[in-house]
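The values are calculated or read from the model by the stated rules, or taken from the named source; none is laboratory data. Nothing here was measured: the structure is a model prediction, and the numbers come from that model. Neighbour counts are summed over all protein chains in view; Cβ atoms, including those assigned to glycine, are modelled from backbone coordinates with ideal geometry. Please note that ligands, DNA and RNA were not included when accessible areas were found on the heavy atoms of the full protein model with its side chains. Shrake-Rupley method; radii C 1.70, N 1.55, O 1.52, S 1.80 Å.
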Amino acid sequence: MAKPSWVRDGAERVWNAICAAPPWLVLGSGWLFLIVYAHPGLMTQDSYDHLREVREGIYTDSHPPAINVIWSVIEYVTAGPVGFLVLQATCLIGGLYRVFRITFEPRRAAWFATGVFVFPPVMLPMAVIWKDCLMAGFLVVGVALLCSPRRGARIGGLVMMFLATAVRYNAFGATLPLIWFLFEWTPGWRWWKRYPLALAAWFAVTFAAFFLNARVTDHQMHYWHSSLALFDIAGTLANLDQDLPDDQLQTLLAGTEIQATHDIHASFRALYNPRSFLPLVWPDRYPPMWKVPINGYVPAPVAQRDAIERAWKQVLHDHPREYLVHRFVVFGHALGFSREQSDAGIVGRRVMWPEFAGKLGIGLESSKLQRKLTRPMVWLRDHTPIFTPWLYVVLSLILLPLGWRHRDVRALLISGLVIESSLLPLAQSPDYRYSHWMVICTVISVIVLTARRARNRENTDRVPPAP
């Protein structure tokens with residue numbers, strides 16, 4: 001049965017109105033959708049640590065203290081996480097728009113930017129107050145500025161790369177390809193002048209970011225000794241074929257303040273979980289293997305840190321194969337091969353550490369609309385592979401040779417792959433947020449490269465290919 005003409009006419013008018021919507025309205029709609037979905041901003045342990053330090057005025061280096069500096073300014077205006085949520089969301093959608101403007105006219109760029117912004121694998125981490133999300137926002141703004149024909153804007157791109165590095169310790173892996181391929185002091189310089197200057201700019205940006213974090217740190221927590229080092233020791237020993245005797249392990253781990261006194265190797269095998277280092281140091285169902293601080297303001301004693309570092313070096317020297325097995329298993333979990341990735345509350349709206357949230361005055365309840373919006377996200381997580389990072393790795397590797405002549409696409413893909421590869425030695429859990437920047441780079445590259453190739457032109461971007 002044919003639809004009445006007034007229905008067809010009304011639908012056509014609505015469609016035409018949507019297509020004619022100005023860019024600001026399209027972008028604002030996507031931005032508002034995230035704010036409504038996430039308000040006031042979901043919190044995890046990292047978020048609580050930052051907010052606690054901001055309010056107590058004591059900054060540690062367990063997480064980048066540059067986050068505390070930024071949040072202290074936001075907290076002066078509006079208390080709680082909502083201001084931080086607005087900042088990271090605005091940076092990302094604004095940066096996406098400017099990146100797509102390199103290839104598309106304004107209205108189409110706005111639609112593509114909004115589409116990427118609300119794409120669940122991109123949007124859901126943005127609902128959480130995380131350094132990973134703020135880093136992504138700064139990076140995408142930096143990419144847009146580095147591609148500008150104006151030198152002042154390109155210098156501003158370096159500033160954004162500095163901010164991204166300041167808020168995420170391993171962001172220097174993402175910024176290197178971006179600055180290397182995109183930064184030009186003077187367009188048209190030959191490679192032997194341009195690339196050394198780009199490398200020098202990257203070193204300056206990275207050094208400045210680490211210098212800033214060092215200057216604003218009040219207490220060094222030496223977090224590596226309390227987390228990754230112990231994780232690597234336990235993971236390596238747990239992958240040995242045979243148990244080492246207690247006396248040998250007591251000698252190896254002397255001074256680390258190991259809690260087990262007998263059947264030490266069996267305790268390692270029981271507590272080791274490649275998905276998290278916390279069972280080793282956090283009392284849950286079993287006593288921890290070590291008592292070390294993983295938050296607060298007092299680091300592990302110097303003697304204990306020295307002993308842990310010595311044991312870590314010895315274990316890796318004696319058992320390199322088992323160490324690599326441990327790291328590749330952890331890396332596989334981070335890439336999503338196990339289908340047991342940690343969503344850390346980004347899908348199910350699970351409130352982490354509710355008692356601590358209450359102390360900080362963070363609301364624990366979601367609205368009915370937020371819960372309804374969450375249900376399809378949970379379905380997507382459980383029934384589709386779109387949150388599986390290794391699929392984006394494969395797609396990036398396929399796109400890389402196809403997009404090599406487009407240096408903005410090349411820079412984005414390599415940036416995502418490099419920061420993803422840093423998870424091999426550094427990952428301590430399979431949180432999806434660690435792959436967030438790589439997913440963003442891949443999705444942008446798919447859209448831009450498809451559009452450019454569809455036009456059947458080799459160089460349609462506004463950034464000329466590198467010599």
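Could you tell me whether Gly403 is within 30 Å of Tyr323 (Cα to Cα), of a type in the set (Gly, Ala, Ser) and out of contact with any Gly (no Cβ under 9 Å at 6 or more places or on another chain)? Spelling it out, it is not the case that Gly403 is within 30 Å of Tyr323 (Cα to Cα), of a type in the set (Gly, Ala, Ser) and out of contact with any Gly (no Cβ under 9 Å at 6 or more places or on another chain).
Go through Val418, Val439 for me and flag whichever is modelled with pLDDT of 95 or more, closer than 30 Å to Leu230 by Cα, assigned to a helix (DSSP H, G or I) and open to solvent by 30 Å² or more (accessible area, probe 1.4 Å). Within the list Val418, Val439, the selection yields Val418. Mind counting the residues in segment 398-448 that are more than 17 Å from the chain's Cα centre (by Cα) and among the aliphatic types (A, V, I, L, M)? Counting residues in segment 398-448 that are more than 17 Å from the chain's Cα centre (by Cα) and among the aliphatic types (A, V, I, L, M) gives 9.
Do the conditions hold for Ala214, that is, is it under 30 Å from His406 (Cα atoms) and either charged (D, E, K, R) or part of a helix (DSSP H, G or I) (or both)? Against the criterion (under 30 Å from His406 (Cα atoms) and either charged (D, E, K, R) or part of a helix (DSSP H, G or I) (or both)), Ala214 does not qualify. Residues in segment 231-240 that are within 11 Å of Ser276 (Cα to Cα) and either open to solvent by 10 Å² or more (accessible area, probe 1.4 Å) or hydrophobic (A, V, I, L, M, F, W, C) (or both): 1 in all.
Residues of segment 149-167 include none that is modelled with pLDDT under 95 and closer than 23 Å to Leu417 by Cβ.
Residues in segment 173-217 that are surrounded by 14 or more Cβ atoms within 10 Å (Cβ to Cβ) and not hydrophobic (A, V, I, L, M, F, W, C): Gly173, Thr175, Pro177, Glu184, Arg194, Tyr195, Thr206, Asn213, Thr217. Restricting attention to segment 367-415, the residues that are at pLDDT below 95 and open to solvent by 30 Å² or more (accessible area, probe 1.4 Å) add up to 19.
For Val77, the requirement of being among the β-branched types (Val, Ile, Thr), open to solvent by 50 Å² or more (accessible area, probe 1.4 Å) and either in contact with a strand residue (DSSP E or B) (Cβ under 6 Å, 6 or more places away or on another chain) or over 28 Å from Leu373 (Cα atoms) (or both) is met. Of all residues in segment 59-99, exactly one satisfies the criterion of being assigned to a loop (DSSP other than H, G, I, E, B), within 23 Å of Asn170 (Cα to Cα) and over 19 Å from the mean Cα position of the chain (by Cα), namely Tyr59.
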